[in-house]
Amino acid sequence: MSSLLENISQPADLRGLSMGELEKLAAEIRTRIIEQVSISGGHLASNLGVVELTIALHRVFDTPADLLVWDVGHQTYTHKLITGRQEAFCRVRQEDGLCGFPARAESPSDVTNTGHASTSLSQALGLRAARDLAGENHKIVVVMGDGALSGGLAMEALNNTGQLQKDLILVLNDNEHSISRNVGVLARQLEGLRSSLGYRRTKNAVKSFLERSPKVGSSLVRFIDRLKLGVKAFILPNMLFESFGFFYIGPIDGHDQEALEKALRKAKRLSSPVLVHVLTTKGKGFAPAERNPTFFHSAPPFQLTTGEPIRQEPPTYTEVVHSTLLEVGERIPETVCITAAMADGTGLDGFARIYPDRFFDVGIAEEHALSFAAGLALGGRRPVVAIYSTFLQRAFDQLLHDISLQHLPVLFLLDRAGVVPGDGPTHQGIYDLSFLRCIPGLEILAPADGRELRAMILGALVRPGPVAIRYPKSAIPEGILPEGQAAMPWGRGSLLREGRDLAFLALGATVESCLLASSILIETGIEAAVYNFRFLAPLDIPLLRVASRTYPLLITVEENVLAGGFGSALLEELQGWDRPQPPLVRLGIEEVPGVGSRPELLRRAGLDPEGIARKAREALSAMVTQAVRDDSLR
């Protein structure tokens, strides 16, 4: 017997189904998502929580004519399945497959590319203004999580939306989590709204009790106390949204299909901004994900029966951060750690458990995180801000204005730097070297292995100013550095392998690839030296001088865009010298990586060992050809 899901090729196919059929469809969708993510990995808990909500949105609104704007977009698997992408879903987050986030190139149902939090309402308000200017009348609906609502950009958009009083619908998906459990006053206010369901039950119980009991005594007092607490929990948070100019509907059970559709139809009829507050369970329908939504936020492949990972992952750079910060916490009591809603993902969870008074989760608020760190540093602490490279982009001004211009000793640990697997273009950490390089007084480091990362963290915590250390989401390479290499003096790189024909100047994760490329080249008679520079700022100028005097060709290799990165820094330095310098060829990211595994993305960029070796042969051949040409002209 064919499944209901197989017969859904577009949102219009949903609109003739009965409530019983919709319940069956939701179960089929959950099964499909769980089975696929168990194979490929991906965002599981967030997607399982919005199945009924997604179905309701596409039934009530005339999508894609009505515009559905998703915040972050890591919860759009159901959306993709019911908008014509079932066949491609077996390759979600894989090479030549679907993006795990909304992608305009995939479908007209994806209104905007997204991947970062708190952007949706601002974009939707712009779409709403454009609609008016075009004289159109379609609806615009935003789906935003309670974690994303805590972001400063979302607050700015709420303020502007209320001011303009446009008929825009904001669906607040309240599951008490972003990646980790939500924190802050706003999270507590939403918790109060959740408890308003209890308020209503208490109110009804009081009414029934009074009707049945002529003499109530102290029992009435207890009921009235409970009622007052319920009233306070309901009214105050409700006023929060109404003070922004939103008509408030909710809270609604996000797994009750009929209630959802009723609330959304009411919102559709209103001509002012309206907020529909929906309560969902992250990981709904898969017990391991309901128990541990943080782990299953972005899960590796796992066993369907138990939820246990299929394979044991090798040690990662993030794990080195975890263990080193525990060591630092004991040795340096001034150390404090800050995260923007991702303690587990950045390796701060252990520090948070052991030193809770010195750990701060500020929510999805990267700008605040950096200014907060500046205040801690001004107060005599040693702040460590652990953040994904792609999210540091959101706090550039705070890095410059609040930290670097005051030369404050803040350590930035930039996880997911370079090429990032699975998440697609929005999460690539390929810009940090470029935008960090222009920050005055900021020291920038990249380790080649776990030992170097540990040494860099320890060294950074005694530096007088700000330091940024970037490292990839990958296993730690083993055996590429001789013993003692990680203990080099601050600001100095090292020669790892001597050569004759050319030299690779590598930074961070590319050191391993360059060593492997050098081994490939030796088979064709080309001897390539490999330098591990370690530092982008300060540059190891003496090491660069030695390399430029020793080798006829220099090749820089970096997991960063070419504009303004490591290669640019070396090229700028060489151009300022008086004596003629050898040719310098820069290898890096020339196109924004798409979806795929880390090895696949590096191969596409030509930054795998084979690609580096091929480009080195081409550069050497071009140099020889040019030399022959120059000789013939003499």
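Just so it is clear, none of the values below were taken in a lab; they were calculated from the coordinates. Computed from a prediction, not measured in an experiment: that's the story for all the values here. Positions of Cβ are backbone-derived with ideal geometry, glycine not excepted, and every protein chain shown enters the neighbour counts.
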Evaluated over the range 316-380, the Cα radius of gyration and Dmax, each in Å: 11.5, 33
Farthest toward positive dipole pole in the chain [+1 Lys/Arg, -1 Asp/Glu at C-beta], among Ala563, Leu414, Leu127: Leu127
Solvent-free Debye scattering, log10 I(q)/I(0), computed from the Cα coordinates of the range 497-633 at q = 0.14 Å⁻¹: -0.62
Cα centre as origin, Lys/Arg/Asp/Glu Cβ charges: the chain dipole, Debye: 1880 debye
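Suppose R0 equals 60 Å; then what is the FRET efficiency for Trp577 and Asp62 from their Cβ-Cβ distance, rounded to the nearest 0.05?
Values: r = 65 Å, r/R0 = 1.09.
It comes to 0.40.
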Assigned charges on the beta-carbon of Lys, Arg, Asp, Glu; the range 323-425 dipole about Cα centre (debye): 180 debye
DSSP bridge orientation in the range 497-633 - percent antiparallel, rounded to nearest 5: 5 percent
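If I take R0 = 45 Å and measure r between the Cβ atoms of Arg15 and Ala130 in this structure, what FRET efficiency does the formula 1/(1 + (r/R0)^6) give, to the nearest 0.05?
Values: r = 27 Å, r/R0 = 0.60.
It comes to 0.95.
Report, in cubic angstrom per residue, the convex hull volume of the C-alpha atoms of the range 317-470.
On the way: hull volume 15.1 nm³, N = 154.
In the range 317-470, the Cα hull volume divided by residue count equals 98 Å³.
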Between the range 281-307 and the range 337-352, the Cα center-to-center distance that results, in Å: 20 Å
Degrees between helix 366-378 axis and first principal axis of the chain (Cα, 0 to 90, nearest 10): 70 degrees
The range 580-604 residues near the modelled Ala88 label - backbone nitrogen below 16 Å, point 7 Å along Cα→Cβ: 594-596
Distribution of pairwise C-alpha distances over the range 1-106, 5 Å bins, in %: 2, 12, 26, 26, 21, 10, 2, 0
Helix 218-243 axis, angle to the chain major axis (alpha carbon atoms, nearest 10°): 50 degrees
Helix 541-550 vs. the chain, principal-axis angle (Cα, 0 to 90°, nearest 10): 50 degrees
Highest to lowest packing among 283-296, 424-437, scored as the average C-beta count within 10 Å: 424-437, 283-296
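Per the helix-only calculation at 222 nm, which mean residue ellipticity applies to the chain, given -39500 (n - 2.57) for every DSSP H run of n ≥ 4 and division by its residues, nearest 500 deg cm²/dmol? Present the calculation step by step, with values, prior to reporting the outcome.
Values: 23 runs with 268 residues, N = 634.
Result for the chain: -13000 deg cm²/dmol, rounded to the nearest 500.
What does the charge count around Met342 come to, taking other residues whose C-beta lies under 11 Å from its C-beta (Lys +1, Arg +1, Asp -1, Glu -1)? Write out the running numbers ahead of the final one.
Numbers: positive: Arg416; negative: Asp344, Asp349, Asp361, Glu366, Asp415.
That works out to -4.
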C-alpha center-to-center spacing [the range 353-367, the range 376-405] in angstrom: 13 Å
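Going down the table (Lys139/Lys262; Lys24/Lys166; Lys24/Lys80; Lys262/Lys284), which pairs top 26 Å between alpha carbons? List each step's numbers first, then the result.
Details: Lys139/Lys262 17 Å; Lys24/Lys166 37 Å; Lys24/Lys80 18 Å; Lys262/Lys284 22 Å.
From Lys139/Lys262; Lys24/Lys166; Lys24/Lys80; Lys262/Lys284, over 26 Å: Lys24/Lys166.
Provide the percentage of antiparallel DSSP beta bridges, counting only those with both residues in the chain; round to the nearest 5. Intermediate results must be reported in sequence, preceding the final value.
Working: 10 of 63 bridges.
Of all bridge pairs located within the chain, approximately 15 percent are antiparallel.
Exactly which trypsin sites (Lys or Arg not before Pro) in the range 306-375 are in a DSSP loop and have at most 14 other Cβ atoms within 10 Å?
Details: sites: Arg311, Arg331, Arg353, Arg358; in loops: Arg311.
When the trypsin sites (Lys or Arg not before Pro) of the range 306-375 are filtered for loop state and at most 14 Cβ neighbours within 10 Å, Arg311 remain.
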Burial ordering of Thr161, Thr510, Thr339, fewest other beta-carbon atoms within 10 Å first: Thr161, Thr339, Thr510
Where N is the number of residues in the chain, Cα Rg divided by 2.2 N^0.38 Å: 1.09
For the range 525-547 and the range 428-456, distance of Cα centres in Å: 16 Å
